[in-house]
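Step one of this worksheet: look at the structure below.
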Amino acid sequence: MEAADTHGAIDAVWRIESARLIASLARIVRDVGVAEDLAADALVAALEQWPREGIPRNPGAWLMAAAKHRAIDYVRRSSMLDRKHGELGYAVEAGRPDTAAELNAALDDDIGDDLLRLVFTACHPVLTMEARVALTLRLLGGLTTSEIARAFLAPEPTIAQRIVRAKKTLAKERVPYEVPRGPELAARLSSVLEVVYLIFNEGYSATAGDDWMRPALCEDALRLGRILAELAPLEPEVHGLVALMEIQASRSRARVGPGGAPVLLFDQNRGLWDQLLIRRGLAALERAERQGQMRGPYVLQAAIAACHARAREARDTDWSAIVALYDELLERVPSPVVELNRAVAVSMASGPQAGLALVDALTSVAALEQYHLLPSVRGDLLAKVGRLEEARAEFERAASLTRNARERELLLERARTAAGT
């Protein structure tokens, strides 16, 4: 195998195995930064040996074995003996012959639990949201610093500093490497889901730049969500988020035209929707609702997405059901953005004038002052009721607020259409 092919294979294996390696190592060394360094050392060893000796039959096991050796060396060198691993650590320093075997067993134990601990650590509220996102993509998504920087259109040094600071903060604050229990679990789980959904949304509708979508980010978020669903099978909101992302992702091919221009929901060719992803999403929604608990925000949003997915044509959409779901969602999470989305549903169920009255009431809400979708929605409804000059002005205002080049082009085109030019 050529060196380039070998390096490509190593990169693919790393993407798959890195989270498991870091998660297992972190349970032993109790520091995600050190764990990542040890895993990276194993990767360096692979880069040095595999091109010369060939790719091993089980590359994941090879990396794990290499990481174990480095973990044993680290424990022997260090004096970091916490109360849970003190006895094992003292045994290592005393030179007990079976210590390496014990550490190997510890590294192999409860891989699923380790990944879950790593998720909760990377998404800990002690970190800023930007830091949580970057660290999650680095530790669990296997992305390099440069890949994260490209995905979020940020300078690479900024992302690198963000990741370094995040790891230092976790160590300084002595954030426990564990899955929270009791009342703290719900709050911490909310943070985890928020991070995963933020990653997905940035891929689904890019905030800025020249591309309408960044599919790789959607794929990373979906992979993280699916892992989380396996690790926390009794949490309905986890399944709700997975369902929402699966159904949203099913539209990806239909959301972008041949030249890269955005295609809005009502104009999409539903024959391009991925039926496998839709089936997976509906199954995840069913799992969430089987838990029998009060429907949370992600389950409700998934139920709304399911209404669209079940409609063979746009005109078949059950808008009354969607309005009812938005009413329930507003009870759970009062938000002007949810109110705006509900207004769109009302306009489809009861006519554009009814929706416009609701949107007009939101124009004085400070939180939506710089939100480009407010004038975009208002422009659409104004055009439908024949107030074309006002619609043109609203589309132009929306275009001035968005930082996405493709979306700006679409809004300016709608402004020209409203003006009859």
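Things to note:
- More than 22 Å apart - percent of Cα-Cα pairs taken over region 267-421: 50 percent
- Top of A399, A61, A284 by mean-square fluctuation, Gaussian network on the chain, Cα under 10 Å: A61
- Seen from A151, the other residues with C-beta closer than 12 Å to its C-beta sum to a net charge of -3, counting Lys and Arg as +1 and Asp and Glu as -1.
- In the chain, the portion of solvent-accessible area held by carbon and sulfur atoms comes to 52 percent [1.4 Å probe, whole percent, DNA, RNA and ligands not counted].
- Each Cα pair of the chain feeds into the Kirkwood radius, which the Stokes-Einstein equation turns, at 10 °C and 1.306 mPa s, into a diffusion coefficient of 67 µm²/s.
- If you run the Gaussian network model on the chain, springs between alpha carbon atoms under 10 Å, then out of E53, E369, E313 the most flexible one is E53.
- Nearest-0.05 FRET efficiency for A321 and V164, computed from C-beta distance (R0 51 Å): 0.60
- The length gained on full extension between S364 and I16, counted as 0.36 nm times the residue separation minus their Cα-Cα distance, comes to 120.5 nm.
- Rounded tilt (10° steps) of 3-29 against the dominant C-alpha axis of the chain: 80 degrees
- Taking all Cα pairs closer than 8 Å and separated by 6 or more residues, the relative contact order of region 185-224 comes to 37 percent.
- Based on C-alpha pairs under 8 angstrom that are at least 6 apart in sequence, the chain has a relative contact order of 10 percent.
- Which of P215, F120, A303, positive extreme of dipole for the chain (C-beta unit charges): A303
- If the chain linking F266 and S350 were pulled fully straight, counting 0.36 nm for each residue of separation and taking away their Cα-Cα distance, it would gain 28.6 nm.
- Annotation for region 1-69: trypsin sites (Lys or Arg not before Pro) lying in DSSP loop with at most 15 further Cβ atoms inside 10 Å of their Cβ are R57.
- Probe 1.4 Å, accessible area per residue of the chain, Å²: 48 Å²
- Site pair E331 and A186 shows an inter-label distance of 1.6 nm when each label is modelled 7 Å from Cα along Cα→Cβ.
- Cα long-axis angle, helix 156-172 against the chain (0 to 90 degrees, to the nearest 10): 60 degrees
- E178-E230 pseudo-label distance in nm [points 7 Å out on the Cα-to-Cβ vector]: 2.6 nm
- For region 157-264, averaging the sequence separation of C-alpha pairs within contact (under 8 Å, six or more residues apart) and dividing by the residue count gives a relative contact order of 18 percent.
- Net charge of the neighbourhood of L330, taken over other residues with C-beta under 11 Å away and scored Lys/Arg +1, Asp/Glu -1, is -2.
- Spin-label model, R77 to R52: label points 7 Å out along the Cα-to-beta-carbon direction sit 2.1 nm apart.
The values are calculated or read from the model by the stated rules, or taken from the named source; none is laboratory data. None of these values were measured; they are calculated from a predicted model. In this analysis, Cβ positions are derived from the backbone assuming ideal geometry, glycine residues included, and neighbour counts consider all displayed protein chains. These area figures cover heavy atoms from the full protein model, side chains too; ligands, DNA and RNA do not enter into them. Shrake-Rupley method; radii C 1.70, N 1.55, O 1.52, S 1.80 Å.
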